[in-house]
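The values are calculated or read from the model by the stated rules, or taken from the named source; none is laboratory data. These numbers were taken from a predicted model, which means no experiment stands behind them. Don't worry about glycine lacking a Cβ; one is built from the backbone with ideal geometry, like all the others, and counts go over all protein chains shown. To get the accessible areas, we keep the full protein, side chains included, count just its heavy atoms, and leave off ligands, DNA and RNA. Shrake-Rupley method; radii C 1.70, N 1.55, O 1.52, S 1.80 Å.
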Amino acid sequence: MDFKHDNKGCNMNKKGCSTKMDTKLNTFDWLCDIDEAHNECEFIEVQFKNTRKGYYRNSNGLRLEKGDVVAVEATPGHDIGTVTLTGRLVILQMKKMNIRQDSADIKRVYRKARPVDMEKYEEAKAREHETMLRSRQIADELKLNMKIGDVEYQGDGNKAIFYYIADDRVDFRQLIKVLADSFKVRIEMKQIGARQEAGRIGGIGPCGRPLCCSGWMTNFVSVATSAARYQDISLNPQKLAGQCAKLKCCLNYEVDSYVEVQKELPSREIPLETQMGTFYHFKTDIFNRLMTYSSDRNVLANLTTIHADRVFEIISQNKKGIKPENLLEEPQKKAQPKDFQDGVGEESLTRFDREKRKKINNGRDRDRDRDRDRNRGNRPNNNQNQSQAAPGERQSTGEGGNQNRNNQNRRGGERPSRPERPERPRNERSDRNERNDRPERNDRPERQNRPPRNQRPNRPQRPENPESSEK
């Protein structure tokens, strides 16, 4: 791909794939890199002064690219223009403009412009401004209600096109005669609208971009003030009007979207009845579905903004004869957020160690209590322990024995068998029934004559586990 560098910037391929808008109504040629797309089509697009374009047949098979200056057929003589598009995209543009390929009105391309052709073209172009001023004076002298906006000479200087604007029908037959005698050329009058005139002149819009009519728009649709009402735009003529003194064309760009969204909103003509009074519609934020209501139809007072769903709810309540307390929704109890909880389960990583230690301590205490009760209930004499112990064996009681048994239990050993409790004689069992005949605690004489607790002698402490071990 060939690149062309200049002071204005870098252009891609002089065939036409360019990021720079050199001319008005420029078409981006996205097939400029494909040679077959340019060789197959015999039609080219030629642009003249401002926004005037024409489609011509390349019957001579010239190798033309975008930017070439060519001489084309005209009536009469020839005209000078610049090639703005070649290849398959020209056929698409012709379909857009409703031009048939087999039409007899399509003229031919003569040749590439020669230096002699360019000299005549520059001389004719230099007379355009002076001719326009003189033609305006002639129109005023003839008292014609029209405005001549621009004059364009043909490339060979034999013909001039006068572009004019008029609100009503104008009889300019006398004007044509005067102009032909004054400028000695063939005269063609062409009426255009205010928007087309702004497109031919060009300029920058309030958005900071080139005017749409001079950049890409070819078909102009009438714009009504209803487009501004649908979009809730202030009806200020100074802001709604463009450089052509007409309503801006961009007002029509988003009207369809606004109309579709408004179908899903409640009617603006329905007032809302509440216990506080009647509220009337003031404005609507369409895409956020927010509607603002005022308590007075003519004066802005007590403005309240609510959602469209709330408006539908109030309208349905009013149809049933119910008036809500106010426009705002009733406050709903918000769910209290849950406090943060440790997902791993609990606090520290040593929690299992503490539980295990606690279980071990509980087991030791339980074994110690069981051994203590056993020693109290069946405490053998030393002689019996000595006689029962086998020679060479070591018998231990008390803490040492308990500790050994606890160690065996912790190690998974067998639990020692519990010694049998000796039977009491029957005469001792009969004494249980006689206990009921004992006097009450307060009636006992030894309790009554007992000294106070602080004057009693200290009682010797009894060991929990008495040790008695003999070999």
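Here is how the numbers come out for the structure above:
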read-out: Thr292 being open to solvent by less than 40 Å² (accessible area, probe 1.4 Å) and either under 11 Å from Leu327 (Cα atoms) or aromatic (Phe, Trp, Tyr) (or both); value: yes
read-out: Qualifying residue in segment 273-288 (condition: under 22 Å from the mean Cα position of the chain (by Cα), open to solvent by less than 30 Å² (accessible area, probe 1.4 Å) and either modelled with pLDDT of 90 or more or among the aliphatic types (A, V, I, L, M) (or both)); value: yes
read-out: Within segment 119-136, tally of residues that are open to solvent by 40 Å² or more (accessible area, probe 1.4 Å) and over 28 Å from Trp216 (Cα atoms); value: 8
read-out: Of the criteria (1) open to solvent by 40 Å² or more (accessible area, probe 1.4 Å); (2) in a loop (DSSP other than H, G, I, E, B), which one Cys250 fails; value: (2)
read-out: First in segment 316-330 and outside any helix (DSSP H, G or I), second anywhere and surrounded by fewer than 10 Cβ atoms within 10 Å (Cβ to Cβ), Cβ under 9 Å, 6 or more apart; value: Lys323/Gln275; Pro324/Gln275; Pro324/Glu330; Glu325/Gln275; Asn326/Gln275
read-out: Qualifying residues in segment 172-203 (those that are basic (Lys, Arg) and on the phi < 0 side of the Ramachandran plot) - the one least open to solvent (accessible area, probe 1.4 Å); value: Arg200
read-out: Selected residue (criterion: nearest to Gln243 (Cα to Cα)) from residues of segment 148-183 that are basic (Lys, Arg) and modelled with pLDDT of 90 or more; value: Lys159
read-out: Selection count where residues are assigned to a loop (DSSP other than H, G, I, E, B) and either among the small types (Gly, Ala, Ser) or under 26 Å from the mean Cα position of the chain (by Cα) (or both), scope segment 289-315; value: 3
read-out: Some residue of segment 62-70 being out of contact with any Ser or Thr (no Cβ under 9 Å at 6 or more places or on another chain) and among the β-branched types (Val, Ile, Thr); value: no
read-out: Qualifying position, being modelled with pLDDT of 90 or more and within 30 Å of the chain's Cα centre (by Cα), among Cys212, Cys250; value: Cys250
read-out: Candidates Leu89, Leu64, filtered to the one that is surrounded by 12 or more Cβ atoms within 10 Å (Cβ to Cβ), assigned to a helix (DSSP H, G or I) and touching a residue at least 40 places away in the same chain (Cβ under 8 Å); value: Leu89
